[in-house]
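Student: Have a look at this one.
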Amino acid sequence: MKTLNKEKAAALGVPQYVKRPIPAYAIQIVPENQAWLEEEERLNLEKLTVQTLEGQFNFEIGDYLIIGNDNEVWTVKEKIFEATYKQV
C-alpha cells in the first residue's frame, strides 16, 4: 500500500491550506475547575466522556474543554492544546 505524505502531495500539486484562526473559549479539565465543569450537561466527569456534534468521546483529566462559536464543545489533549492554541 502506498502512503501519501507532504512531499508527495507537494510534488503532485495538491494545494496546501492553513486553518483559519477562529476564537474559542477553553477551560482545562482539572479538579480546580470542577465547579464550573459540573454545570456542563454534555460533560460527564464520572465517566470522563463528552457529547460532541460527532458523538460521544472519552477524555482525560488535564485535557481542555473547548467551546466553539456555535456553542459546540469538544476536548483537546493538553499537549496538543499547548502546541496549537494561544490565549488572546
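Student: Can you pull out every residue in the stretch 51-71 that is among the acidic types (D, E) and under 11 Å from the mean Cα position of the chain (by Cα)?
Tutor: Passing the criteria: only D63.
Student: Additional query: May I ask you to list the residues in the stretch 1-24 that are in a loop (DSSP other than H, G, I, E, B) and basic (K, R)? Quick ask: steps written out before the conclusion?
Tutor: The initial filter retains those residues of the stretch 1-24 that are in a loop (DSSP other than H, G, I, E, B), namely 1-5, 13-24.
Listed by number, the residues that qualify are K2, K19, R20.
Student: Give me a count of the residues in the stretch 2-50 that are loosely packed, with under 10 Cβ neighbours inside 10 Å, among the hydrophobic types (A, V, I, L, M, F, W, C) and either under 21 Å from E82 (Cα atoms) or within 17 Å of the chain's Cα centre (by Cα) (or both).
Tutor: Counting residues in the stretch 2-50 that are loosely packed, with under 10 Cβ neighbours inside 10 Å, among the hydrophobic types (A, V, I, L, M, F, W, C) and either under 21 Å from E82 (Cα atoms) or within 17 Å of the chain's Cα centre (by Cα) (or both) gives 2.
Student: Right, something else. Within the stretch 63-75, is there a residue that is at pLDDT 95 or above and over 15 Å from A24 (Cβ atoms)?
Tutor: The answer is no; no qualifying residue exists.
Student: Taking K79 and the conditions (1) assigned to a loop (DSSP other than H, G, I, E, B); (2) charged (D, E, K, R); (3) modelled with pLDDT of 95 or more, which numbered condition does it fall short on, given that it satisfies the others?
Tutor: Every condition holds for K79 apart from (1).
Student: So I27 passes all but one of these: (1) modelled with pLDDT of 95 or more; (2) part of a helix (DSSP H, G or I). Which condition number does it fail?
Tutor: (2)
Student: Looking at the stretch 52-84, which of its residues are under 19 Å from N33 (Cα atoms), polar (S, T, N, Q) and touching a residue at least 12 places away in the same chain (Cβ under 8 Å)?
Tutor: T75 - this is the single residue of the stretch 52-84 that is under 19 Å from N33 (Cα atoms), polar (S, T, N, Q) and touching a residue at least 12 places away in the same chain (Cβ under 8 Å).
Student: I'd like the full set of residues that are part of a loop (DSSP other than H, G, I, E, B) and touching an Asp or Glu at 6+ places or on another chain (Cβ under 9 Å), limited to the stretch 43-57.
Tutor: L45, L48, L53
Student: Hey, does the stretch 23-35 have a residue that's of a type in the set (A, V, I, L, M, F, W, C) and without any contact (Cβ under 8 Å) to a residue 24 or more places away in the chain?
Tutor: Here is the first cut: in the stretch 23-35, the residues of a type in the set (A, V, I, L, M, F, W, C) are 24, 26-27, 29-30, 35.
Filter again for without any contact (Cβ under 8 Å) to a residue 24 or more places away in the chain, leaving 35.
Yes: one or more hits.
The values are calculated or read from the model by the stated rules, or taken from the named source; none is laboratory data. All figures in this text were calculated on a predicted structure; none of them were measured in a lab. Here the Cβ is made from the backbone with ideal geometry for all residues, glycine too, and neighbour counts use every protein chain on show.
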